[in-house]
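Presented below is the structure to which this report refers.
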Amino acid sequence: MKLLDFNLAPNPKKTRVYLREKGLTIPIEPVDVLAGQNRTPEFLARVNPLGGLPVLELDDGTHLTESLAIIEYLEELHPEPPMLGTTPLERARVREIERICDLGVLLTVGTVFQNTSPFFAGRIKQSADAAETARSRLATATTVVDRTIGSKPFVAGARPTIADCTLFAACEFAAFAGAAIDYAKLPNLARWYEGFKQRPSAQA
């Protein structure tokens, strides 16, 4: 199998961080999104009709899309070290906070970026109101994440999980996208972020 990847996007970043944390080595094939390689008729017909990345190409030539589906598939194949929890409740808690990190932080940063970046000015109808609403949602979500982290070393407990992978990608994306996270008001998130930056997976 191989991973089709675009190194500037947050969902591929999340997946690469996961692979490094798991100690998995999968060949990575870059796809030039800026050049539109993910929008060619062949890519849309054969790989991913939505044009998104990452995509996991399986050994039989079929494709698995959506970063969370890819991560959970690999977790099923390689359950150790566990990054989705080890009990039903642990798994539910990890999924709960991962969804908050993804939908509340990463996706919301994306909304700010799409509505403020010159890159999207000629591609979509931008809205200052949508960006402002997203910034408010981002503040709420990061407050919840900060409270969830508390004094724990990782987002969901004593060891890294898929929630850490998603949150790190989201925080990196926020810095790139100009969607400021007020770390001064979020001491637990700030401590976690600075600590996770030191992990080898942060360079994935």
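The values are calculated or read from the model by the stated rules, or taken from the named source; none is laboratory data. Since we're looking at a predicted model, the values are computed, not measured. Side chains included, ligands, DNA and RNA excluded: accessible areas come from the protein's heavy atoms. Shrake-Rupley method; radii C 1.70, N 1.55, O 1.52, S 1.80 Å.
Helix-only mean residue ellipticity at 222 nm, the chain, DSSP H runs n ≥ 4 weighted -39,500 (n - 2.57), per residue, nearest 500. What is it?
Values: 8 runs with 100 residues, N = 204.
Rounded to the nearest 500, it is -15500 deg cm²/dmol.
Of Ser127, Ser67, which has the most accessible area with a 1.4 Å probe, and how do the rest follow in descending order? Don't jump to the answer; show the numbers that get you there.
Numbers: Ser127 40, Ser67 10 Å².
So the residues, ranked largest to smallest area, are Ser127, Ser67.
Exceeding 22 Å between C-alpha atoms, which entries from my cross-link table qualify? They are Lys22/Lys197; Lys14/Lys185; Lys152/Lys185.
Numbers: Lys22/Lys197 17 Å; Lys14/Lys185 25 Å; Lys152/Lys185 17 Å.
Check vs 22 Å cut-off fails for Lys14/Lys185.
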